[in-house]
Number of protein chains: 2
Amino acid sequence: MRFAVAQSGGPTCAINASLVGIYKAATEMSNKVHNHTPISVLGVHNGIQGLMDERFVDLSQVLTSEEAVDLLRKTPSTALGSCRFRLPVAEQDDSLYGKIFRVLQKHAIDVLFYIGGNDSMDTVAKLSAWIAQQGSDIRIIGVPKTIDNDLIGTDHTPGFGSAAKYVAMTMQEVVRDSSVYRVPSVTICEIMGRDAGWLTASTCLLRANGEEAPHLIYLPEHEFSTVQFIHDVQRKMESHRSVICAVSEGIVMPQSESYRSGASDAFGHAYLSGIGKHLEQLVRQEIGCKVRSIELNVMQRCAAHLASATDLDEAEAAGRYAVELAMEGKSGCMVTLQRDAGSPQYRVTCSHIAAASAANVTRTFPATWINEEGNDVTDEAVEYFLPLIQGEVLPTMRNGMPVHFRFASNLCW
Amino acid sequence: MRFAVAQSGGPTCAINASLVGIYKAATEMSNKVHNHTPISVLGVHNGIQGLMDERFVDLSQVLTSEEAVDLLRKTPSTALGSCRFRLPVAEQDDSLYGKIFRVLQKHAIDVLFYIGGNDSMDTVAKLSAWIAQQGSDIRIIGVPKTIDNDLIGTDHTPGFGSAAKYVAMTMQEVVRDSSVYRVPSVTICEIMGRDAGWLTASTCLLRANGEEAPHLIYLPEHEFSTVQFIHDVQRKMESHRSVICAVSEGIVMPQSESYRSGASDAFGHAYLSGIGKHLEQLVRQEIGCKVRSIELNVMQRCAAHLASATDLDEAEAAGRYAVELAMEGKSGCMVTLQRDAGSPQYRVTCSHIAAASAANVTRTFPATWINEEGNDVTDEAVEYFLPLIQGEVLPTMRNGMPVHFRFASNLCW
C-alpha cells in the first residue's frame, strides 16, 4: 500500500508535524499488521503542482532515524515545498484531473494526503469527487493547517497556536521596548489575517500575564473608521504613556480611504501590506506624537524557535487521524479538532467533515467576542486562545542556532 | 555606602543582566566585609533625567528573592526605563552638572553606574570630569551595552550577542519560509545599525549551520550603489531560486538617490527607516520578480525569548567588574570585554578604558572582513561572531508566555 503526502498554501510551524503524524501512523501500522502489505509513504514536492510533475521523495529513505523524524516535526515552513494552484471546475475542463489521476495510478498511490488551508480543501473536494466518479478507490484526505485559524468545522487549526504564541511573546517584548522612555508614544503592530482576525485577536493573551496591552485591537470583522481610530488612540493616551495597538492586515477601510495597490494572487486574494505604515502616518499627522509601526511579517508564520507544544502535538494527531480515515476508506474529507466543551480541562479529539464544506469558506472571529466600540475583544477570547499556546517545543540547537530539517535535492525522483 | 544605577539609550536583552551584576556584587560585598558599612543600591528611573528628578527605587526592597533577581536578569529592555539626554559642554553651561551633583550628594550616593552606549559614555566622561574638578570622590562608571556593537576599546558589547542570535535565528526561519514556492523570489531583510554594520554582518552566522543564505550582505562601511545592487541580485538569481539579502538600515545611498525624511533625534542622528521597502520597490521595477522586504524592527533589540547565555553572562560580569572598579576608586571609565587571542577556546576577561575615548566614537565593521565587491563578509567574521551567540537562556514561562520583571510604580521615590 502506498501513501503520498503533499503540502500546500502558506507556511506554518506545525505543517511538518502533520506530515510526521501521517508518516509515523503509516510506519506503526506497517509494523503491527504482519500479514498486511507494508505502507510506503511518498513525499510530494510543491503540492499538487509537484504531483503533476511527478516530483516525489521516498520518506522512508530520508527519515531513517528518530532524530530525523523529530527534527522534521520541529522544522518550520513546508519541508516538501508548497504551491498556490487552483484546479479548474471539472465540468468545464478536467484535463488536469486526468493528469493527476494518471500520476496517482502510475505510482500506485492509494491515498493522497493534502495538508493545507481552505484553498487546499477546494483541491481535496474537487479531486476526490472526480476520482470517485471514475470508479477508483484512490482516496484524498485533507489535513488542516493555517495560522489564520479560519477553517470552518474545526475548533481551531494546526499552526495557529504556535503563531499566536509567537505573536503574544513578541507583542509582550514590544510592550517592554516601547515603555522605556517618558515621552508619550503609540506603537502599531500589523498582524496577518486576510479575512479573519483570529491572530490579531490572540494578542489579548497578554492580559493573562497581567499586561494591559494591547490597548486597542482592530479586526477585519468590524468596520474600521480612521476618525474613530484616532479618537480611540487619543482617549487611551489620556491614561497610558505608551499605547499599543494590534491591527489586522485585513481591516476594512472605508472605500474613500482605500490606498491599496489592487494586485492579487492566483486565488484572487488582494495582496495586503502597509496598513500599519498607513496608520502610523495618520497618527503622526493627526496627533503628532512619537509613533512606530511594526509588521510581524512572515516571522509570525515561520518562527519555530519557541513553538507551542500543544499545537505541534495536535498537528501530529491530525496527521495520524487522517491515516485512520484513509484506512476506513474515507475520501474527500478534512480532519477537524473538536474541543470538549463539557470538560473542565482542555481536551481535544479529532473528527472530520466533508472537505467541500470547508473549501472557499472563511470562519471569521465571533462578533459576540468583539466589544461594542469595535476596538477590543472580550474575556471569552482569552479563555478560547489560552490552551492553544501551552507548552514549549525547544529546537535542536547547533552552534547556538536551531537546526532545520532539509531534504537533500538528490533525493527527489 | 550607596550605589546608584541608571540605564540609558536603546533597549537590549542584556542591560538588565548588567544591572543584576552590579546589584549582586554589591550585595555579596556587603555580606562579606563584616566591619564595613553595607552597600545599598538605588535604581534610577529613566537615566540621568530621572536622576535630576530624584526618581529612585531601592533595589533591595524589590529584589527580595533569587527568583526576582533571575527574572530581572532575563527580562528584555531597560527595566528602570531609559532616556536620550545630552549634557551640554560644562565650560559653556554647567548648571545641570551642579544639579546632578547636588542630587548625588543629597542622597549620599558614592558611585553612579551608567549602563549605556557611546552617547551614555559621553555623559560618564563629562560628569566624572566635572565632579572630580569639584574635589568630590563621587565616582561615575560606565557599563557598555548596545546591540550595535559599535563601542571602541571592547571586543564586543553586551546586548550584541543576543541580538545577533535573534537575527540569525529569524533569518534562518525566513530562509525556510521563502523557499517553499517554485517561483524565483528575492527577500530583503533590513537590520538595525545606524553607523556600523555589525548586526547585519552577523547574518553570516547561518553559514556555520550549512545555509548559503544570506546571499548578499550590505553594510554602511562600504559604499552602496543601487545599480550594483540590482546587478548583484540578478547574478545570484542565476544560481538560487530564492535570493536572501541582508541590508543594514544605515547603508550609504548615493547622494542623488537619497529619499530620507531628514528628521533627527536629540543627538542629531537621522531617523532611518524604509531602506528595505525602497530596495523592494527597486527590485520590483528593475527585475520584476516576486520580492518582499522584512524589517526586523525593535524585535532585534528586545526579543529575549531565546537570548544568548554567553551574552547575559558577560553582561552580568561587566556589571560585577564595574563594582570592582568603583571600589578601587576609579571614575570616568568604561568596562570593556577583552577576548583572549591566544586561547584556543573562546575566553573573555573584563578590563576598562577612559569613557571619554569611547564617547561619540563609532567602531565600524573591519573593512578587511568585507569582500571586494562590497556585498558579503569573509569567514573571519563568522569566527568572530560565533562564540557570542552560544548557549540559550530560557525565559520563565507562565500561561505559555514569558514572564517579565516589572517595577511596581508605587516603589518609586
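Between B:G153, B:G135, which is more than 17 Å from the chain's Cα centre (by Cα) and open to solvent by 10 Å² or more (accessible area, probe 1.4 Å)?
Selected residue: B:G135, the only one of B:G153, B:G135 that is more than 17 Å from the chain's Cα centre (by Cα) and open to solvent by 10 Å² or more (accessible area, probe 1.4 Å).
Report the residue count in the range B:63-109 for those that are surrounded by fewer than 17 Cβ atoms within 10 Å (Cβ to Cβ) and either within 13 Å of B:F407 (Cα to Cα) or within 12 Å of chain A (Cβ to nearest Cβ) (or both).
2
Among the residues of the range B:291-303, which ones are at the interface with another protein chain (Cβ under 7 Å from one of its Cβ atoms), in contact with a helix residue (DSSP H, G or I) (Cβ under 8 Å, 6 or more places away or on another chain) and open to solvent by less than 10 Å² (accessible area, probe 1.4 Å)?
Scanning the range B:291-303 gives B:I294, B:V298, B:M299, B:C302, B:A303.
Might you let me know whether the range A:40-51 holds any residue that is open to solvent by 30 Å² or more (accessible area, probe 1.4 Å) and either within 15 Å of A:E324 (Cα to Cα) or not aromatic (F, W, Y) (or both)? It would help to see each step written out before you state the result.
Going through the range A:40-51, the residues open to solvent by 30 Å² or more (accessible area, probe 1.4 Å) turn out to be A:40, A:49.
Next, only the ones that are either within 15 Å of A:E324 (Cα to Cα) or not aromatic (F, W, Y) (or both) stay: A:40, A:49.
The answer is yes, given that some residue of the range A:40-51 is open to solvent by 30 Å² or more (accessible area, probe 1.4 Å) and either within 15 Å of A:E324 (Cα to Cα) or not aromatic (F, W, Y) (or both).
Say whether the condition of being farther than 30 Å from A:Y166 by Cβ and in a strand (DSSP E or B) is met by at least one residue in the range B:302-312.
Scanning the range B:302-312, I find no residue that is farther than 30 Å from A:Y166 by Cβ and in a strand (DSSP E or B), so the answer is no.
Working only within the range B:184-217, note down all residues that are assigned to a strand (DSSP E or B), within 20 Å of the chain's Cα centre (by Cα) and more than 12 Å from chain A (Cβ to nearest Cβ).
B:I191
Could you tell me whether the range B:111-131 includes any residue that is without any contact (Cβ under 8 Å) to a residue 24 or more places away in the chain and surrounded by fewer than 24 Cβ atoms within 10 Å (Cβ to Cβ)?
no
Taking the range A:166-183, which residues are in contact with a strand residue (DSSP E or B) (Cβ under 7 Å, 6 or more places away or on another chain) and either in contact (Cβ under 8 Å) with a residue 60 or more places away in the chain or more than 9 Å from every other protein chain (Cβ to nearest Cβ) (or both)?
Scanning the range A:166-183 gives A:V167, A:A168, A:M169, A:M171, A:V174, A:V175, A:S178, A:S179, A:V183.
To keep it simple, each residue is scored yes or no on (1) hydroxyl-bearing (S, T, Y); (2) in contact (Cβ under 8 Å) with a residue 40 or more places away in the chain; (3) in contact with a Phe, Trp or Tyr (Cβ under 7 Å, 6 or more places away or on another chain).
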position	(1), (2), (3)
A:M1	no, yes, no
A:A6	no, yes, yes
A:P11	no, yes, no
A:K24	no, yes, no
A:T27	yes, no, no
A:T37	yes, no, no
A:V41	no, no, yes
A:L51	no, yes, no
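Counting just the residues of the range A:322-374 that are in a loop (DSSP other than H, G, I, E, B) and within 24 Å of A:M1 (Cβ to Cβ), which one comes out least open to solvent (accessible area, probe 1.4 Å)?
First pass over the range A:322-374, keeping only residues in a loop (DSSP other than H, G, I, E, B): A:328-332, A:340-347, A:359-366, A:371-374.
From what's left, within 24 Å of A:M1 (Cβ to Cβ): A:328-332.
Details: A:E328: 114, A:G329: 47, A:K330: 70, A:S331: 52, A:G332: 13 Å².
Going through the qualifying residues, I end up with A:G332.
Does any residue of the range A:271-281 turn out to be within 14 Å of another protein chain (Cβ to nearest Cβ), among the polar types (S, T, N, Q), within 17 Å of A:K145 (Cβ to Cβ) and not in a loop (DSSP other than H, G, I, E, B)?
No: zero hits.
Among the residues of the range A:388-413 satisfying the criterion of being out of contact with any His (no Cβ under 9 Å at 6 or more places or on another chain), within 12 Å of chain B (Cβ to nearest Cβ) and assigned to a helix (DSSP H, G or I), which is modelled with the lowest pLDDT?
A:S409
Does A:F385 satisfy being at pLDDT below 95 and open to solvent by less than 70 Å² (accessible area, probe 1.4 Å)?
No: the conditions fail for A:F385.
The values are calculated or read from the model by the stated rules, or taken from the named source; none is laboratory data. Please read all numbers here as calculations on a predicted model, not as lab measurements. Quick reminder, even Gly has a Cβ in these numbers, built from the backbone with ideal geometry, and neighbours come from all protein chains shown. Heavy atoms of the whole protein, side chains included, go into the accessibility calculation; ligands, DNA and RNA do not. Shrake-Rupley method; radii C 1.70, N 1.55, O 1.52, S 1.80 Å.
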